[in-house]
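Taken together, the values in this text are just the output of simple stated rules run on the coordinates, not laboratory data. Every value quoted in this text rests on a predicted model; they were computed, and no experiment measured them. All Cβ positions, even for glycine, are placed from backbone atoms using ideal geometry, and neighbour counts span all protein chains on display.
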């Protein structure tokens, strides 16, 4: 008998929930879980939100479905019957195709910061803990589908060198978090400059070389990568622009964006205790 997952009371609308098809307008989501109850309830909820939902049980079947379906977003339970969700994330991120860019939500029972950091380290974009809440699930999946629409598969970052007044990527921090932007740039192995302007007109610039950070400045002054990352990640309102270009000067030490994001999250967590 399938495990019965812990879900928020908002999900519980009866035992007759079924995988249903409905009007499709936002993209395809693949749920990987051997928890039949959680899959059925999530499918009903997300289908009602206009999302096309597919499912798979187990890590191996799930990864095979990823390659077959090429979904716009993946939601995977960490606890699977054969391997774990970390394995699925690593396999997806290791693909030599557009599948590697697919937004990924990892679901877990653990609220430990180490588990959250591990999920980011292997390549997950969002980490959700059980019991799940309907508004959070729908909001996160919608945001990731929007990102996939604009960046991942249907509107990839331009490979053409940026001309005067043009940019390869631009957007609003209220709609796309800086951590997501930087993760995409690292995944795409981009070289260029990311310029971030906060609501109060503070300006930060990050220079990238092949997806690694080589220089950071805030208000025109050089800053250590982790210090700059911690400060700018707090800017939830503002604008960002990324322009493809070679570094303006010989690059400094290369720093992994993923490692910087994890360390920034760890330091913020320790400071908040």
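Compute the length gained on full extension between residue 203 and residue 133: take 0.36 nm times their separation in residues and subtract their Cα-Cα distance, giving the result in nm to one decimal.
Gain on extension, residue 203 to residue 133, equals 21.7 nm.
If R0 is 41 Å, what FRET efficiency do you get for residue 93 and residue 221 from their C-beta distance, rounded to 0.05?
Once the sixth-power term is evaluated, E becomes 0.75.
Mean separation of Cα pairs under 8 Å and 6+ residues apart, divided by the residue count of the range 169-272: what relative contact order is that in percent?
Answer for the range 169-272 is 34 percent.
Quote the FRET efficiency, to the nearest 0.05, computed for residue 189 versus residue 69 with a Förster distance R0 of 22 Å and r equal to the Cβ-Cβ distance.
0.30
Could you tell me the distance between the Cα centroids of the range 92-115 and the range 69-88, to the nearest Å?
So the separation of the two Cα centres works out to 8 Å.
Can you tell me how the range 166-232 classifies by the Cα gyration tensor, rounded, prolate or oblate, using a/c under 1.5 as the rounded cut?
Since a/c reaches 1.5 but b/c is at least a/b, the shape of the range 166-232 is classed as oblate.
Assuming a ≥ b ≥ c are the square roots of the Cα gyration tensor eigenvalues, decide whether the range 9-152 counts as rounded (a/c under 1.5), prolate (otherwise, with a/b larger than b/c) or oblate.
rounded
What percent does the relative contact order of the range 9-152 come to when contacts are Cα pairs within less than 8 Å and at least six residues apart?
22 percent
Would you list 234, 44 from fewest to most Cβ contacts within 10 Å?
234, 44
Describe numerically, in nm with one decimal, the distance between label points set 7 Å from Cα along Cα→Cβ at residue 149 and at residue 79.
Between residue 149 and residue 79, the label points sit 3.5 nm apart.
For the range 9-152, give the share of DSSP beta bridges that are antiparallel, in percent and rounded to the nearest 5; count only bridges with both residues there.
Restricted to the range 9-152, the bridges split so that about 5 percent are antiparallel.
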